[in-house]
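Trainee: Here you go, one structure.
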Amino acid sequence: MFRTVLGQTLMGSLAVIVLQIGRHQTLQMFLIQDSEHVFQNGSHKGVDPNGFVMTDIAQPHDRFVRALLSDPGRAGALLRERLPKEISELLSPEPPILLDGSFVDEELRSHLTDRLFQAKTIMGRSALLYVLIEHKSFPDRRVGWQVVKYTVEWWKQWERENPDWEMMPPVVPFVFYHGTSEWRIPDEFLALVDAEEGWKPWLLNLRFAVMDLGKIEDRMLSRFPELRAWLLAVKYATREGGQPGIKKLLVEALLEVPGDQYVIIRYIVETFGSYDEQTVREIIRRVRPEEEEKMMSQFAQDIIAKGKPQWLQEGRQEGRQEGRQEGRQEGRQEEAASFLLRLLQRRFGPLPESMIKKVDSTDLPTLETWGERVLDAQSLEDVFSDKM
C-alpha cells in the first residue's frame, strides 16, 4: 500500500506516512507534508479528485512555517534568538529534535498549528519547547488558554508513556505570530481568569513567550543567514503594502540560502499579492538566472489549481495552447525529480551535488522506482542501488 501511495504522489503533491517504532516501543506516525494533500493520524476533512485525503491545514502560511521549523538548525536558531534570555542561555548548543504529533483542536487548525521540540540544557536535563503558530491577521485573546490546554495534553501523553515517573520535564511555550495587527495580549494565562486579585498567587498560571514579526525591524529579524529569508517572507506575506519596498532586501536574503530558494520563492508567488510576473522573474534572475523558466513552469504546475495569482494562471493557459507532448513529459519529470529530492533531504539530510544532478537528469520511470525505495531504504545507497 505504501508503494502505491508514493507512486501516486510523485506525480502530484507529496504526503507519505512512515511508521516507526519509537522509544518505549510505541508506534509513532511521522508526517512528511508538501502542498495540501496530507495524511495525518487517520483524520481528514475531505478527499481531493485524485483520492488524496485532505486536512484543514492547507494554507500556504501553515505549510511554509511548518517547513521553516522542520529544519533543526533553523528551529534552533529561532528559539535561541527569541526565547527569553533566562531560558536560551541554559540551552545546550545541540539542535533541538522535532517530535511528532499535534495537540491543536481540529476546529482551530485553520489558523493555528504547532511544533514540539525536545532539547537539552547545559546541565543535561531534558526540556520541551512548544511552538504555537498563529496565522490570524489579528491576535486571538484566548491563546493563553490554548497554550495551557496543549501543554497539559502533552504532559498527559508523557505520563502514559512514563507511568513510573518521579519528575516531569518542563514545557516552554512560545507563540509565533505574523499577523498584521500588533500583538497586545498579556503573555500569561491568568489574564483570562476572572478572579479576586488576592487569589492569583494560588491559581494555576502559565506564561509564554511571543514573537510578533511585525515589531521586529527587517534587518534584525535574525542574525543567522539560514533564517533571515524565511522570516522576511512570512512577515510580509500578510503586509501587501510593504512588499514592493523589500524586494532588494529579499534578494539579498535569498542569495544566502541557495538550497531554500525554490520553497521561499514559491511561497512569495502564492502570498505576495503586489508581485506580478515581471517582479517574480526579476527576483529569480537575481538569485538563480539559469533556473528562471524551469521555476516558473514548476510554479504553474504547483499553484495553478488554486486559481491564483491571475498572471500565473494566464501564463499557464497560454502555455497549454502552445504545449507539446514532449513539454508535458518534461514537466512531469521535473516535478517528480523535485519531489524526490525533497523527500530524500527530509529522510537523509543534505544531498551531495552529484546526487542532485543524477536525480535531475533521470527519466520518469526510474524516478518512480527510486521513490518507492525511500520508504524502506536505510541509506541513500539503498535508494539508488541497481541490485534492489
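Trainee: What about residue 80, is it touching a Leu at 6+ places or on another chain (Cβ under 7 Å) and closer than 21 Å to residue 228 by Cα?
Mentor: It is true that residue 80 is touching a Leu at 6+ places or on another chain (Cβ under 7 Å) and closer than 21 Å to residue 228 by Cα.
Trainee: Next question, about the same structure. Here is a list: 130, 150. Which entry is crowded, with 18+ Cβ neighbours inside 10 Å, at pLDDT 90 or above, in contact with an Asp or Glu (Cβ under 9 Å, 6 or more places away or on another chain) and within 24 Å of residue 231 (Cα to Cα)?
Mentor: 130
Trainee: Of the residues that make up the range 185-206, is at least one more than 22 Å from residue 73 (Cβ to Cβ), aliphatic (A, V, I, L, M) and in contact (Cβ under 8 Å) with a residue 60 or more places away in the chain?
Mentor: Yes, some residue in the range 185-206 is more than 22 Å from residue 73 (Cβ to Cβ), aliphatic (A, V, I, L, M) and in contact (Cβ under 8 Å) with a residue 60 or more places away in the chain.
Trainee: Out of the residues in the range 348-388 that are without any contact (Cβ under 8 Å) to a residue 12 or more places away in the chain and part of a helix (DSSP H, G or I), which is nearest to residue 73 (Cα to Cα)?
Mentor: So the residue we want is 353.
Trainee: Still on this structure: Only one residue in 333, 298, 345 is assigned to a helix (DSSP H, G or I), closer than 24 Å to residue 255 by Cβ, touching a Leu at 6+ places or on another chain (Cβ under 7 Å) and at pLDDT 75 or above. Which one?
Mentor: Only one candidate passes the filter, namely 345.
Trainee: Filter the range 86-124 down to residues that are in contact with a strand residue (DSSP E or B) (Cβ under 9 Å, 6 or more places away or on another chain) and among the acidic types (Asp, Glu), then give me how many there are.
Mentor: Final tally of qualifying residues: 5.
Trainee: If residue 365 meets every condition in (1) at pLDDT 65 or above; (2) out of contact with any strand residue (DSSP E or B) (no Cβ under 8 Å at 6 or more places or on another chain); (3) crowded, with 16+ Cβ neighbours inside 10 Å apart from one, which number is that one?
Mentor: With (1) at pLDDT 65 or above; (2) out of contact with any strand residue (DSSP E or B) (no Cβ under 8 Å at 6 or more places or on another chain); (3) crowded, with 16+ Cβ neighbours inside 10 Å applied to residue 365, the lone miss is (3).
Trainee: Of all residues in the range 263-279, how many are over 19 Å from residue 67 (Cβ atoms) and within 22 Å of the chain's Cα centre (by Cα)?
Mentor: Qualifying residue count, the range 263-279: 1.
Trainee: Out of the range 127-144, which residues are among the small types (Gly, Ala, Ser) and over 11 Å from residue 117 (Cα atoms)?
Mentor: Passing the criteria: 137, 144.
Trainee: If you don't mind, there's one more thing I want to ask. Between 106, 89, which is surrounded by fewer than 13 Cβ atoms within 10 Å (Cβ to Cβ), free of Cβ contacts under 8 Å to residues at least 40 places away in the same chain, out of contact with any Cys (no Cβ under 9 Å at 6 or more places or on another chain) and among the charged types (D, E, K, R)?
Mentor: 89
Trainee: OK, next. Which one of the conditions (1) assigned to a loop (DSSP other than H, G, I, E, B); (2) over 21 Å from residue 66 (Cβ atoms) does residue 183 fail to meet, given that it meets all the rest?
Mentor: (2)
The values are calculated or read from the model by the stated rules, or taken from the named source; none is laboratory data. Here the structure is a predicted model, which means the values were calculated and not measured. Note that each Cβ is placed from the backbone with ideal geometry, even for glycine, and that neighbours are counted across all protein chains shown.
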